[in-house]
Amino acid sequence: MRTTKPLTDADCKNLKPKPAGKGRIYDGGGLYLEALPSGRRVWRFAYRFGSKENRATFGEYPAVTLAVARRKRDESKGLLADGLDINEAFDRKKAIEANEAASGTFGAVAELWYTAEIASLSDNHKARVRRTLDRDVLPYIGKRSLRDMTTRELLGVFNRVKERGAEEMARRTRTNVGQVFRYAIRTGLAENDPTIPLRGEKRTTPKRHFAAFTEPADVARLMQAIYDYKGTPEVRAALKLSALLFQRPGEIRQMQWQEIDLDTAQWRYVVSKTKTPHIVPLSSQAVEVLRELQLLTDHGLNLRSDAPRYAFPSPRSRLRPMSDNAVRSALRNMGFTNDEMTAHGFRAMARSLLAELGWKPDAIERQLAHKVSGPLGAAYDRAAFLNERKAMMQAWADYLDVLREDRKVIVGNFGRAA
């Protein structure tokens, strides 16, 4: 078995077929990713059973992530240790799943639907549907019989998604579940679709939102691209801080050094939109980015004493901030379209995922510098939930690091402290 450096998600993403026909990259322990001439990337596991060399297929990347492939490899090694051939064990598992499908459990039929109708679609769409099923649907109704399920039961599944502030995700979840039921009807495994009565449900967020990544796999790709960005150090720092601090793009690019206290790890400024003072706790990662940036832009050379000290000055004049187009252009240069991610989208990204991680909506809204209504108003808003927001910002920075480094995410490690 060859020894090699463990793979990263960037390695997997960049794998292309070689001119000879195919390319392979190895993760160790028999696991490797193979790029086929068709462009598909397939996980393989090479193993020996008895005196015979075999290989097993674990599925396609990125629908099967690097972390999942490693788990399958470890499970396969356990089967070998028990004296079982992996492919024979997989065949038995497929037979069991086929029997479950015949009995009409939602989970089994959903897998048949995914294989028949989703597996041939784009990598991003496959990964998104897979995550929706695994996180929001199968844990709750995977073992239920399709014939016994009711609209009220499904409504509980969709409302659970809504309650974490992800209304668009709830709508997509309902669409996917309805597609499973309609597949079951076509194949004779069900007679009706209980999601039909929910189709006329009024959406409460008709506003157009800035494009943003809200799936961890997409955020991981984004953070990897940011840290690999080959543009200027100032723009790279702006990208990092946009993700770490998720303030409005205009506030980021107009950040001034006199507003920042790196010793107390705070950025204090007046919000342009609401004209209210705001405190942003800085994670250790944000402080590190700012210390490196300070060496580049906080010289104060040839400036009046009352001149602004922009953290991101324009290349043309230190008296003006960086262009509002700089971050957007960098995202486009990294390959992210305007329909996928925008400079303003870092806010929606953090808002959605922090809610999923269990942080208080009030703390998240204060961190986003949204104006507080009521008699307390701005006087209360400045330091509201400051201790919790400090913990939240550090947890958020740590979570982004784990995604970027393709380490296993244990959600409880990044949620609200007890």
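Every read-out reported here was derived from the displayed coordinates using simple, explicitly stated rules and does not represent laboratory data. Given the structure is predicted, the values throughout are model-derived calculations rather than measurements. Positions of Cβ are backbone-derived with ideal geometry, glycine not excepted, and every protein chain shown enters the neighbour counts.
Structure notes:
- Applying 1/(1 + (r/R0)^6) with R0 = 45 Å to the Cβ-Cβ distance of Arg48 and Leu295 gives a FRET efficiency near 0.25.
- Peptides ranked, highest mean first, by Cβ atoms within 10 Å: ranges 250-259, 215-224: 215-224, 250-259
- Nearest-0.05 FRET efficiency for Tyr140 and Leu198, computed from C-beta distance (R0 22 Å): 0.85
- Fully extended contour minus Cα-Cα distance, from Thr175 to Ser38, at 0.36 nm per residue: 46.3 nm
- Selection among Val157, Asn413, Ala211 by position relative to the dipole of the chain gives Ala211 as farthest towards the positive end (Cβ unit charges, Cα centre).
- With 28 Å as the limit, the listed pairs Lys72/Lys162; Lys275/Lys390; Lys230/Lys390; Lys52/Lys72 have Lys72/Lys162; Lys230/Lys390 beyond it between alpha carbons.
- Rough spin-label spacing in nm, given labels placed 7 Å along Cα→Cβ, for Glu163 and Ile185: 2.9 nm
- Rel. contact order, % - alpha carbon contacts under 8 angstrom, at least six apart, the stretch 17-58: 27 percent
- Helical mean residue ellipticity (222 nm; -39500 (n - 2.57) per DSSP H run of 4+; nearest 500) of the chain: -13500 deg cm²/dmol
- Anisotropy class of the stretch 222-331 from Cα gyration tensor, a/c 1.5 cut: rounded
- The length gained on full extension between Ala391 and Gln256, counted as 0.36 nm times the residue separation minus their Cα-Cα distance, comes to 46.2 nm.
- By other beta-carbon atoms within 10 Å, ranking Thr115, Thr195, Thr175 with the fewest at the front produces Thr115, Thr175, Thr195.
- For Glu288, Glu163, Glu388, the sequence from fewest to most other C-beta atoms within 10 Å is Glu163, Glu288, Glu388.
- Long-range amide H partners of Gly23 with built H, under 5 Å: Lys18, Ala35
- Since only Phe49, Gln256, Ile364 are under comparison, the one whose Cα sits farthest along the positive direction of the charge dipole of the chain, derived from C-beta charges on Lys, Arg, Asp and Glu, is Gln256.
- Cβ crowding within 10 Å, taken as a proxy for footprinting-reagent exposure, orders Thr276, Thr65 from fewest neighbours to most as Thr276, Thr65.
- Where labels lie 7 Å past Cα in the beta-carbon direction, separation of Asp148 and Glu88 in nm: 3.5 nm
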